[in-house]
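First up is the structure itself, then whatever we jot down about it.
The values are calculated or read from the model by the stated rules, or taken from the named source; none is laboratory data. The structure displayed is predicted, hence computed values, not measured ones. Ideal geometry is used to build each Cβ from the backbone, glycine not excepted, and the neighbour counts take in all protein chains shown.
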Amino acid sequence: MNHKPARTALQFTVSATALALAFPAFAQGPQADKDLIIVTAQRDNQTGVSQSGSAGVLGDKPAEDLPFSVRSYNSALILNQQPQTLGQVLENDPTIRTTTGFGIAGELFNIRGFTLGGDDIGYDSLYGIMPRQLAAPELYESVEVLNGSSAFLNGAAPGGSGIGGSVNLIPKRANDRDTTRATVGYTASEHVGGSFDIGRRLGVDGEWGIRVNGAVRSGDVSVDDEFRSTYVLGGAIDYDSGPLRLSLDLAYQRIKVAHFRPKLRVSGVNVIPDEPDASTNFGQPWQYTTLRDIFGQFRAEYDIAENVMIYAAFGARDGSEEGVYSTPLLLDATTGDISVTSSYIPRTDNNEAATAGLRARFETGGISNEINFGGSMNWLVNRNAYEFYTVSPELNNLYDPIEVTRSSTVSFVGGNLDDPFPISRTRLRSAFISDTVGFWDDRVMFTAGVRLQEIRSKSYSAFTEALTGEYKEDAWTPVFGLVVKPVEGLSLYANRIESLVQGASAPVSGANPNGGAALPVSNAGEVLSPYVSEQYEIGGKLALGPMDLTLALFQIDRETAILRLDPADSTMLEFGPFGIQRNRGIEFTLAGEVTKGLRLIAGGSVIDAKLRQTQNGVNEGNNAVGVPEFLLNANVEWDVPFVPALTLTGRVVHTGEQPADITNTLFLDAWTRFDIGARYVTLVGENPLTLRLSIDNVANKAYWASAFDTFRPDLALGAPRTFKASATFDF
């Protein structure tokens, strides 16, 4: 294929500049009116993060009133940075790092040193509704991040992750201003597409709202010959009049990723290999994944009295996945020789979620109370099958990759490949109650609550469909939180909260700790019992005019599920909770306008992640795999004063050293990446046109970005230099 990203980006830039210079000649009306339209458009386009968001059953709150760390990234950031995945949005967060799952194109997120999988991303606070591997950002109004455990707030995470934090996506709905927007975009080397967004308020008093938006993107990206296509369509209807509020959100997403670059398995080597060129693709042309999801929700709220509201929501998702995946295993760190195995895995998911509750606020004798009580339920059915193949006859190479023959010899198989049957059924249900008591005009607020959660899971044989495991367990997950606001703009807080997750499912295979081909897992498909983690946190939030600063110190203890050689059979692996991981850390964030026209999103974290109470003391005290010792981010926007319509942007992302194996004999080097960009607002008639150009990883630095994964240490290569350009016209 033809790869000329620099030339194509230059052509786009020259064309965009010519248009920018030409369009003002067609503008109508006085210069003052034109300037006002441009300034307004430039202001509306400001990339931003707000210190507020959803705290689950406690509702939407400003961060200063919550004993937790929460923030929201706005839709302008999504539009300006032109991300193709949710992970590219979360690159802005100084407490999160993104990697991919092993062998797949799906994303995993590392928050406070723990996994957050796609299964546990919230859709307007409902679990199990979001597509589980990749999420197209164009459909969402904001991306909310809550750091820390959240079993009481959101309920048990059905996918078994979310110990260190949660991410919640808010779908787009009509707002007070009419929206009619079209965008065309380009990502090197050959990825092009467009999107539209239309929103209206209707009715005498604007009580009805309608929002429709969608996107189409297709073509090769900056990794050599990696192809991605995305088709998404979202729609929302809402009603807001008097005491009644209703909303219906529906979405369709279809994503295909072909010849994607997988993670590199490094088991059995005693040195981390040098990085290949950043754009090198050591995946295989015959590998692909196709993901199709239809999902949505219905919500209702009703004010039965002043400050007393009842609410209910129901959501559902029908998901389908199919893919041929390659598994590269490094054989020689010096030469870069790689063996390749492969698999074919079809999967479907049918999930539903529901929640209902009451929220009431009242004051008695100068003391306020906000009461929350209600319940939630999730139903999840996973239909899965798999076919794994032996090692391909030729070797691939990390530094000079070739296409190898895909082996047709089956090593092991499970399920009906043509019509997968259920291998797991899970039901989660809970009831919760809390009270937030406020003293001295809510300058001191104490929250206490508890959620009784029950997890029922059934697992089935991938060979016979017979029931192989079942459990029904419940647990109380309390929360205690304190907020003290001693002076205006300062909020101090502390919390003690737990996280309850469904036990992880044992994978069908895993890395051989002695090197060589992957080994089957003796308890494949078994779902481990639920486990509870405990979090203690103290922190503060400070508003200095337009700047918001946060600081948090935390400790989280959780059981750790890992793979080990089966003591009863050295030719197989065993999956189980063989230890405790304790993560202690400090986080800080700052966001806002440093001075007029200069905005900053920045911060960092330091994490000490240790293994404790390991079986027979093996690896006791070692650092957890893939958890960097520190993270730093800074994202800057500057509205150039001598060119009023121009905004320059820059971002630096730094990740510290991280262990690459559980014995702590291998470490990934620290790495730093720089991104730059610009956007310019001009007029076509009386309507704003925004032109954007950005370059991610401007130095084209090659680096191992992550060794983090759910089951094993594997290396993910950082993305190469990537040119992006787009033009947005607001009608």
Residues satisfying the stated conditions in segment 39-97, i.e. aliphatic (A, V, I, L, M) and part of a helix (DSSP H, G or I) | Val39, Ala41, Val57, Leu58, Ala63, Ala76, Leu77, Ile78, Leu79, Leu86, Val89, Leu90
What is the one condition in (1) of a type outside the set (D, E, K, R); (2) closer than 30 Å to Thr289 by Cβ; (3) surrounded by fewer than 23 Cβ atoms within 10 Å (Cβ to Cβ) that Leu202 does not satisfy?
-> (2)
Residue among Phe575, Phe554 that is touching an Asp or Glu at 6+ places or on another chain (Cβ under 6 Å), buried (at least 22 other Cβ atoms within 10 Å of the Cβ) and not aliphatic (A, V, I, L, M) = Phe554
Among the residues of segment 160-188 satisfying the criterion of being modelled with pLDDT of 95 or more and outside any strand (DSSP E or B), which is farthest from Thr560 (Cα to Cα)?
-> Ala174
Could you please give the count of residues in segment 604-629 that are within 21 Å of Thr550 (Cα to Cα) and crowded, with 17+ Cβ neighbours inside 10 Å?
-> 5
Considering segment 249-263, residues that are in contact with a Leu (Cβ under 8 Å, 6 or more places away or on another chain) and crowded, with 22+ Cβ neighbours inside 10 Å, and then whichever is nearest to Leu291 (Cα to Cα), we arrive at Ile255
Determine which single condition Ile371 fails, assuming it passes every other condition in (1) without any contact (Cβ under 8 Å) to a residue 40 or more places away in the chain; (2) of a type in the set (Val, Ile, Thr); (3) farther than 23 Å from Gly103 by Cα.
-> (1)
In the list Ile402, Ile371, which residue meets the criterion of being among the aliphatic types (A, V, I, L, M) and not in a strand (DSSP E or B)?
-> Ile402
Which number in (1) buried (at least 16 other Cβ atoms within 10 Å of the Cβ); (2) more than 30 Å from the chain's Cα centre (by Cα); (3) β-branched (Val, Ile, Thr); (4) part of a strand (DSSP E or B) marks the one condition that Thr341 misses?
-> (2)
Report, by residue number, each residue of segment 126-159 that is within 13 Å of the chain's Cα centre (by Cα) and either among the acidic types (Asp, Glu) or assigned to a loop (DSSP other than H, G, I, E, B) (or both).
-> Met130, Pro131, Arg132, Gln133, Leu134, Ala135, Ala136, Glu144
Tally time: how many residues in segment 388-399 are more than 32 Å from the chain's Cα centre (by Cα) and not in a loop (DSSP other than H, G, I, E, B)?
-> 0
Regarding Ser326, is this residue crowded, with 20+ Cβ neighbours inside 10 Å, assigned to a strand (DSSP E or B) and among the hydroxyl-bearing types (Ser, Thr, Tyr)?
-> yes
What's the number of the condition Val143 fails, among (1) of a type in the set (Val, Ile, Thr); (2) surrounded by fewer than 24 Cβ atoms within 10 Å (Cβ to Cβ); (3) touching a Leu at 6+ places or on another chain (Cβ under 7 Å)?
-> (2)
Among the residues of segment 101-109, is any more than 18 Å from the chain's Cα centre (by Cα), assigned to a strand (DSSP E or B) and at pLDDT 85 or above?
-> no
For segment 417-439, name all the residues that are of a type outside the set (A, V, I, L, M), under 30 Å from Phe463 (Cα atoms) and touching a Lys or Arg at 6+ places or on another chain (Cβ under 9 Å).
-> Asp419, Pro420, Phe421, Pro422, Ser424, Arg425, Thr426, Arg427, Arg429
From the list Arg427, Arg406, pick out the single residue that is surrounded by fewer than 21 Cβ atoms within 10 Å (Cβ to Cβ), among the basic types (Lys, Arg) and farther than 30 Å from Thr468 by Cβ.
-> Arg406
Here the qualifying pairs (Cβ atoms under 6 Å; residues six or more apart or on different chains; first in segment 178-203 and closer than 14 Å to Leu79 by Cα and of a type in the set (Asp, Glu); second crowded, with 18+ Cβ neighbours inside 10 Å and at pLDDT 95 or above) come out as Asp197/Asn213
Can you name every residue in segment 158-197 that is surrounded by fewer than 17 Cβ atoms within 10 Å (Cβ to Cβ) and hydrophobic (A, V, I, L, M, F, W, C)?
-> Ala182, Val184, Val192, Phe196
Would you say Gly579 is assigned to a strand (DSSP E or B), on the phi > 0 side of the Ramachandran plot and not aromatic (Phe, Trp, Tyr)?
-> yes
Just name the residue that is modelled with the highest pLDDT out of those in segment 509-546 that are within 25 Å of the chain's Cα centre (by Cα) and hydrophobic (A, V, I, L, M, F, W, C).
-> Ile538
If a residue has to be at pLDDT 85 or above, of a type in the set (Phe, Trp, Tyr) and under 28 Å from Ala524 (Cβ atoms) to count, how many in segment 547-592 make the cut?
-> 0
Is it the case that Thr355 is hydroxyl-bearing (Ser, Thr, Tyr), on the phi < 0 side of the Ramachandran plot and touching a Leu at 6+ places or on another chain (Cβ under 9 Å)?
-> yes
So how many residues does segment 702-714 have that are over 19 Å from the mean Cα position of the chain (by Cα) and at pLDDT below 95?
-> 3
Do we find a residue being at positive phi and either outside any strand (DSSP E or B) or in contact with a His (Cβ under 7 Å, 6 or more places away or on another chain) (or both) anywhere in segment 189-200?
-> no
